[in-house]
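Here's the structure, in structure tokens; my notes come after.
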Amino acid sequence: MQSCYAFDEYELSLRAVKTDTNVKTIQMTDLRTQYQKIRVEVDAAISEVLNEASFINGPSVSKFATELSDYMGIRYVIPCGNGTDALQIALMALDLPAGSEIITPGFSYAAVAEVCALLGLKAVFADVESDTFNIDAQKIEELINPATRVILPVHLFGQCANMPKIMEIANRHNLYVVEDNAQSVGAMCLMPGQMAMSGTMGHLSTMSFFPSKNLGCYGDGGAVCTNDEQLAARVKMIANHGQSVKYYHEIIGVNSRLDTIQAAILSVKLKYLNEFTEERRRVAAAYDAAFEGIEEIEIPFRASYSTHVFHQYTLKLRGIEPEQVQQSLKEKGIPSMVYYPLPLYKQKAYFVPIELPVTETLCKTVLSLPMGTDMSKEQIEFITFTTKAIVKQK
Ligand SMILES: *Cc1c(COP(=O)(O)O)cnc(C)c1O
């Protein structure tokens with residue numbers, strides 16, 4: 001394995017690889033190439049909805065919900081407008097007293113913090129594990145008090161949080177568990193005595209079908225999932241203006257629907273989800289192999305209790321700032337992202353005067369590389385070659 005490149009050699013190789021047309025248009029997530037491969041089926045599905053003119057709650061919506069519940073092995077899938085709505089509806093369904101505390105990771109996307117604030121609930125941020133990036137189950141218990149009602153783990157970047165431990169803690173303290181499963185559909189978790197799919201272990205789980213998610217539509221979409229019949233009924237009512245009979249509103253709800261067109265697209269894409277996941281794993285394996293032995297780069301850790309579906313391929317960098325690498329990659333036409341640059345408790349909107357050491361360190365060390373279902377060998381080589389050259393030239 002080369003650990004260093006002479007500059008001329010590097011530039012030459014760069015030029016060679018740049019002549020490959022595939023390399024020129026690297027996206028963080030290439031949705032266009034994927035669409036081209038499934039275009040006939042997707043276009044037919046959209047046409048069917050247009051011909052039926054069943055734009056709201058058409059037959060494709062319940063069809064997709066049934067298919068997804070079969071795929072996940074969960075009794076109820078209630079589609080809604082997006083993943084943030086899904087979190088809001090799930091928490092509303094629990095009917096929690098004002099000020100109830102929700103334990104959730106400090107290193108994550110802002111949706112949970114936002115929804116808690118909107119609902120008058122208190123997000124209590126726990127630190128995460130340095131290797132998996134997921135909520136540290138050891139840190140949960142010390143945050144539990146009489147106001148705690150929910151543990152809300154986020155299965156970040158494609159890997160399940162430590163659900164065996166989290167469910168054990170929740171059961172012991174009589175707490176609800178809501179899984180934010182926006183990033184990890186299809187990941188499998190080793191629970192006591194069985195494998196369970198992400199989003200089926202807690203009392204409720206939420207999904208996002210944002211285009212770049214592993215199961216993404218071509219607009220906004222989301223869902224709440226549960227095995228609990230009563231919770232399912234409440235979720236369904238809340239997503240539909242708090243009514244189960246039209247014009248009779250029993251509880252306060254919202255208007256949050258999955259478009260029929262998006263549902264029809266998702267039915268097509270769900271058929272390919274396992275294949276897409278395998279492609280993501282192939283990209284991850286190629287990245288891993290290329291970065292082996294590079295001391296500035298730590299490749300994604302795989303937890304013993306979860307499979308990885310690689311929503312993101314996230315490196316930890318040693319001795320070099322992620323933003324610096326990001327800028328240098330950008331100059332070579334390679335996009336990359338820092339998920340997430342600022343802890344949730346340091347956001348102006350959700351500020352809490354705490355410090356979570358692992359979260360703080362991760363915000364300053366992580367960098368996610370392009371990931372998707374249609375990356376060429378040349379693209380992957382160009383990305384890994386350039387990344388290695390940048391961290392070595394620092
Ligand atoms: C994408 C995402 C959401 C929000 O989903 P939207 O559909 O964009 O509202 C929530 N949580 C996590 C972890 C996400 O990645």
Given H placed 1.01 Å from N in the peptide plane, which residues other than close sequence neighbours of Ser306 have an amide H under 5 Å from its amide H? Leu190
In order over the stretch 373-380: 3J(HN,Hα) from phi, Karplus 6.51/-1.76/1.60, θ = phi - 60°, whole Hz, x for each Gly or Pro, gives 9, 9, 8, 7, 4, 5, 4, 4
Taking all pairs of different Cα atoms in the stretch 28-168, averaging 1/r and flipping that mean, what Kirkwood radius in angstroms comes out? 17.9 Å
Percent of accessible area on the chain owned by carbon and sulfur, 1.4 Å probe? 53 percent
Which translational diffusion coefficient, to the nearest whole µm²/s, is obtained for the stretch 81-149 from the Stokes-Einstein equation, given a Kirkwood hydrodynamic radius over C-alpha pairs, 20 °C and 1.002 mPa s? 170 µm²/s
Restricting things to alpha carbons, find the Rg to Rh ratio for the stretch 41-120 using the Kirkwood radius for Rh. 1.10
For the stretch 258-377, using Cα atoms only, the Rg and Dmax in Å read 17.2, 49
Give the relative contact order (percent, whole number) for the chain; include only Cα pairs under 8 Å separated by 6+ residues. 22 percent
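Which value, in debye to the nearest 20, describes the size of the charge dipole of the stretch 89-155 about its Cα centre when Lys and Arg Cβ atoms bear +1, Asp and Glu Cβ atoms bear -1, and nothing else is charged?
On the way: 3 positive and 9 negative charges, 53 e Å.
Rounded to the nearest 20 debye, it is 260 debye.
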Residues of the stretch 221-312: accessible area per residue at 1.4 Å, in Å²? 47 Å²
How much FRET efficiency would the formula 1/(1 + (r/R0)^6) give for Lys392 and Val40, where r is the Cβ-Cβ distance and R0 is 41 Å, rounded to 0.05? 0.35
Using +1 on the beta carbon of Lys and Arg, -1 on that of Asp and Glu, and nothing else charged, what's the dipole of the chain about the Cα centre, debye to 20? 340 debye
In debye, nearest 20, what is the charge dipole magnitude of the stretch 48-181 about its Cα centre with +1 on Lys and Arg Cβ and -1 on Asp and Glu Cβ, if you could check? 300 debye
Compute the angle between helix 31-52 and the longest alpha-carbon principal axis of the chain, please, reported from 0 to 90 degrees and rounded to the nearest 10. 30 degrees
The correct pair for the chain, radius of gyration to one decimal and Dmax as a whole number, both in Å and from Cα atoms, is 21.7, 73
Note the full-extension length gain between Ser212 and Ala349 as 0.36 nm times their separation in residues minus their Cα-Cα distance, in nm to one decimal. 46.8 nm
Expressed per residue, the solvent accessible area of the stretch 115-215 in Å² (1.4 Å probe) is about 33 Å²
Under 10 Å, Cα contacts only: if you run a Gaussian network model on the chain, which one of Asn214, Asn255, Asn145 comes out with the highest mean-square fluctuation? Asn145
Net charge around Leu356, counting only other residues with Cβ within less than 14 Å of its Cβ (Lys, Arg = +1; Asp, Glu = -1)? -3
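For an R0 of 41 angstrom, estimate the FRET efficiency from the Cβ-Cβ distance between Val245 and His173 and round to the nearest 0.05. Don't jump to the answer; show the numbers that get you there.
On the way: r = 37 Å, r/R0 = 0.90.
It comes out at approximately 0.65.
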For Asp180, Asp85, Asp95, give the ranking by accessible area with the largest first, probe 1.4 Å. Asp95, Asp85, Asp180
Comparing Leu50, Leu204, Leu270 in a Gaussian network model of the chain (Cα, 10 Å), the one with the largest mean-square fluctuation is Leu50
Between Pro105, Ile334, Leu152, whose Cα lies farthest towards the positive end of the dipole of the chain when Lys and Arg beta carbons carry +1 and Asp and Glu beta carbons carry -1, centred on the Cα centre? Ile334
Show Ser328, Ser62, Ser368 ordered by accessible area, largest first, where the area counts protein heavy atoms only and the probe is 1.4 Å. Ser62, Ser328, Ser368
In nm, spacing of pseudo-spin labels at Leu342 and Asn145 (7 Å Cα→C-beta vector): 2.6 nm
Area of Leu121 that stays accessible when all protein chains are in place (1.4 Å probe, Å², to 10): 20 Å²
DSSP loop chymotrypsin sites (Phe, Trp or Tyr not before Pro) in the stretch 246-285 with at most 15 other Cβ atoms within 10 Å of their Cβ, which ones? Tyr247
Centre separation in Å (Cα based) which lies between the stretch 255-311 and the stretch 111-187: 21 Å
Neighbourhood charge, 13 Å Cβ-Cβ cut-off, centred on Ser336 and excluding it, Lys, Arg +1 and Asp, Glu -1: -1
Can you show me the helix-derived [θ] at 222 nm for the chain, built from DSSP H runs with n ≥ 4 at -39,500 (n - 2.57) apiece and divided by the number of residues, rounded to the nearest 500. -12500 deg cm²/dmol
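What number comes out for the charge environment of Gly83, summing +1 per Lys or Arg and -1 per Asp or Glu over other residues with Cβ under 13 Å away?
On the way: positive: Lys213; negative: Asp85, Glu114, Glu179, Asp180, Asp220.
Here the charged neighbours net out to -4.
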Under a Gaussian network model of the chain whose springs join Cα atoms within less than 10 Å, the largest fluctuation of Asn174, Asn240, Asn134 belongs to Asn174
Restraint check, Lys332/Lys377; Lys364/Lys392; Lys213/Lys394, Cα-Cα greater than 22 Å: Lys213/Lys394
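The values are calculated or read from the model by the stated rules, or taken from the named source; none is laboratory data. Computed from a predicted model, the values in this text were never measured in an experiment. Cβ: placed from backbone, ideal geometry, glycine included. Neighbour counts: every protein chain shown. All accessible areas refer to the heavy atoms of the entire protein, side chains included, with ligands and DNA or RNA removed. Shrake-Rupley method; radii C 1.70, N 1.55, O 1.52, S 1.80 Å.
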